[in-house]
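Shown next, in structure tokens, is the structure this report addresses.
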Amino acid sequence: TYFVGGVASKVVDLFDMTGNGGAKHAAENLAAGKALKQDILAGGERAFNREYWLERTSDLRVGKIVANDIPTLLWTGWNALEGLTGGIDLYSALQNAAQGRPTFGPMDPNGGASSGRFQIVVGPGGHGAGIDKELQLRWYDHWVKQQNTGIDQSGTGMHLYELGGDRWINQTSWPITDEYTAFYLSDHGLDSTQVYYSVQLAFGNPEDAGTTVAYETQPFDADQSIAGPSNATLFILSSNTNAHFVTTLYDVAPDGTAFDVTSGGLIASARNLDNERSWYDVNGLAIKP
């Protein structure tokens with residue numbers, strides 16, 4: 001949530017907003033948020049994903065949540081700030097821990113039903129928006145008031161709104177499949193043939209000429225469901241001591257309208273992979289580094 005590929009995310013812009021604190025101690029909360037933002041922008045200790053943020057990272061507490069038998073209902077939206085999907089990662093970690101699997105590994109798409117104690121709703125809206133209040137009430141009635149609402153009987157704990165498809169999909173695992181399709185960058189776009197191709201880019205504002213490059217696939221001849229996580233692999237030679245890349249995946253309609261499906265970034269000095277937390281498909285293709 002707070003860092004994307006080693007770089008502070010746009011969430012930083014929210015820290016100095018008055019709405020983040022309550023009415024009580026509002027002035028103190030605002031001052032603390034402003035100080036935090038300034039420390040990050042100045043390259044201070046909290047500009048890096050170190051102790052301050054690790055103390056505030058939910059997925060590091062997953063083992064205790066599951067061991068203490070705490071039912072957890074998560075919800076978010078595909079249009080949350082920067083398209084952040086930390087809620088989905090937290091769902092998979094909870095389910096893995098509940099099933100005795102490595103917490104930060106991928107779920108098994110063929111592993112059968114998920115635990116109804118841990119569920120997530122991902123709607124078409126933004127951060128924290130769009131959860132059905134009836135669902136919320138059934139959740140509390142069941143787990144707090146001990147009423148048998150049946151909400152714990154769901155074997156498909158992911159309730160996902162399919163953007164563009166205008167439908168809800170109930171799914172068990174993340175990732176949804178363990179076999180991915182690779183597309184390769186080339187001078188004529190994206191295709192399924194691996195080639196050796198290079199391009200030179202300058203570091204700077206993405207609106208400046210020479211800082212970005214775009215690749216397109218051939219038009220698909222049938223509807224497709226694009227389901228993440230996704231990964232882009234780049235081989236980089238830098239003329240400086242570091243580099244920073246942001247990649248964005250768009251769905252382009254026949255009329256040219258482009259919809260931002262997902263994006264991610266990486267600072268080159270944080271390029272080494274943590275093999276215990278990286279995900280691969282059945283063919284060894286990296287899908288969530």
**Prompt:** Could the peptides 212-220, 264-272 be put in order, highest first, of the mean number of other beta-carbon atoms found within 10 Å of their residues?
**Reply:** 264-272, 212-220
**Asked** Sorted by accessible area with a 1.4 angstrom probe, largest first, how do Ser186, Ser239 fall?
**Response** Ser239, Ser186
**Message:** Need the list of lysines near Lys34 for cross-linking: C-alpha distance under 27 angstrom, and skip anything on the same chain fewer than eight residues off.
**Reply:** Lys10, Lys24
**Item:** Shape of the stretch 241-289, Cα gyration tensor, a/c cut at 1.5
**Value:** oblate
**Asked** If you roll a 1.4 Å probe over the chain with all protein chains in place, what percent of the accessible area is carbon or sulfur?
**Response** 51
**Message:** Accessible area per residue for the stretch 85-172 in Å², computed with a 1.4 Å probe and the full protein assembly in place, what is it?
**Reply:** 51
**Request:** May I ask which residue of Val252, Val122, Ala31 lies farthest towards the positive end of the charge dipole of the chain, with charges of +1 (Lys, Arg) and -1 (Asp, Glu) on Cβ and the Cα centre as origin?
**Result:** Ala31
**Prompt:** To the nearest 10 Å², what's Asp260's accessible area with a 1.4 Å probe?
**Reply:** 70
**Message:** Restricting to DSSP H runs of at least four residues, report the calculated mean residue ellipticity at 222 nm for the chain, -39500 (n - 2.57) per run over all residues, nearest 500 deg cm²/dmol.
**Reply:** -5000 deg cm²/dmol
**Message:** Nearest 5 percent is fine: what portion of the DSSP beta bridges confined to the chain is antiparallel?
**Reply:** 70
**Item:** Within the stretch 120-248, percent of DSSP bridges classed antiparallel, to nearest 5
**Value:** 75
**GNM top mover of Leu60, Leu73, Leu30 - the chain, alpha-carbon springs below 10 Å** = Leu30
**Asked** Build a GNM of the chain with springs between Cα atoms under 10 Å: which of Asp108, Asp223, Asp274 gets the top mean-square fluctuation?
**Response** Asp223
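The values are calculated or read from the model by the stated rules, or taken from the named source; none is laboratory data. It should be emphasised that the depicted structure is a prediction, and the values quoted were computed from it without experimental measurement. Here the Cβ is made from the backbone with ideal geometry for all residues, glycine too, and neighbour counts use every protein chain on show. These accessible areas exclude ligands, DNA and RNA; they are computed on the full protein's heavy atoms, side chains included. Shrake-Rupley method; radii C 1.70, N 1.55, O 1.52, S 1.80 Å.
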